[in-house]
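Asker: Have a look at the structure that comes next, please.
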Amino acid sequence: MTKAHVLSILVENHAGVLSRVSGLFSRRMYNIDSLSVGVTENPDVSRMTVVVHADDETLEQIRNQLSKLVNVISITELKKDSAVLREHVLVKVSAKDRVGVMQICDIYRASIVDLTVETMTAELTGAPGKISAFISLMEQYEVKDLVRTGMTGLARG
């Protein structure tokens with residue numbers, strides 16, 4: 001049975017590393033559900049957070065193949081109960097009902113980051129379920145545009 005796995009992959013911060021890692025998934029027909037990459041506290045190292053649906057055997061194959069790549073430093077699976085996992089979303093909606101939008105933003109602790117006569121843009125960071133619920137509620141206000149990041153996270157402790 002396949003389930004979502006969140007892999008935190010530390011890699012050398014060099015040009016082409018992202019391409020090599022994503023190419024490994026592509027060549028083996030593994031679909032990446034979410035991908036987030038950024039530099040760490042060490043400017044020579046980047047952290048890639050990859051979400052992939054896989055069974056245990058396939059996950060082990062992915063880990064083995066990744067560990068063979070020269071630029072990969074380490075691979076850790078982040079589990080929901082032992083990691084902090086977050087996503088980020090920006091949602092632009094119609095400004096016809098500003099009060100309604102602001103009430104939902106208050107409940108979810110989202111911020112209004114842009115306001116025009118015609119639109120409002122809200123920003124929220126949180127767990128994937130919270131992000132999905134927020135988007136679902138914002139749909140009643142005529143979503144004009146939306147961008148959602150991939151998941152990112154760190155192990156607790």
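Asker: Is it the case, given these coordinates, that VAL21 is surrounded by 12 or more Cβ atoms within 10 Å (Cβ to Cβ) and at pLDDT 95 or above?
Answerer: No: the conditions fail for VAL21.
Asker: I'd like to know if region 139-153 contains one or more residues that are among the basic types (Lys, Arg) and either assigned to a loop (DSSP other than H, G, I, E, B) or in contact with a helix residue (DSSP H, G or I) (Cβ under 7 Å, 6 or more places away or on another chain) (or both).
Answerer: yes
Asker: Mind telling me which of the residues ALA95, ALA110 ends up being outside the structural domain of SER46 (by TED's automatic domain parsing), surrounded by 15 or more Cβ atoms within 10 Å (Cβ to Cβ) and more than 20 Å from the chain's Cα centre (by Cα)?
Answerer: ALA95
Asker: Is there a residue in region 101-117 that is assigned to a strand (DSSP E or B), in contact (Cβ under 8 Å) with a residue 12 or more places away in the chain, closer than 16 Å to HIS5 by Cβ and of a type outside the set (Lys, Arg)?
Answerer: No: zero hits.
Asker: Between a first residue in region 1-24 that is under 14 Å from VAL70 (Cα atoms) and in the same structural domain as ARG63 (by TED's automatic domain parsing) and a second residue that is of a type outside the set (A, V, I, L, M, F, W, C) and in a helix (DSSP H, G or I), which pairs have beta carbons less than 6 Å apart while being 6 or more apart in sequence or on different chains?
Answerer: LEU24/GLN65
Asker: OK, next. Testing LEU66 on (1) assigned by TED's automatic domain parsing to the domain that holds SER26; (2) loosely packed, with under 15 Cβ neighbours inside 10 Å; (3) touching a helix residue (DSSP H, G or I) at 6+ places or on another chain (Cβ under 9 Å), one condition comes back false. Which one is that?
Answerer: (2)
Asker: Now a separate question. Of the residues that sit in region 63-89 and are among the aliphatic types (A, V, I, L, M) and in contact with a Lys or Arg (Cβ under 8 Å, 6 or more places away or on another chain), which one is nearest to LEU18 (Cα to Cα)?
Answerer: In this case the residue turns out to be LEU69.
Asker: Quick one: would you say LYS130 is surrounded by 17 or more Cβ atoms within 10 Å (Cβ to Cβ) and either at negative phi or in the same structural domain as GLY150 (by TED's automatic domain parsing) (or both)?
Answerer: Here the answer is yes, as LYS130 does meet what is asked.
The values are calculated or read from the model by the stated rules, or taken from the named source; none is laboratory data. These figures come from a predicted structure and were not determined experimentally. Note that each Cβ is placed from the backbone with ideal geometry, even for glycine, and that neighbours are counted across all protein chains shown.
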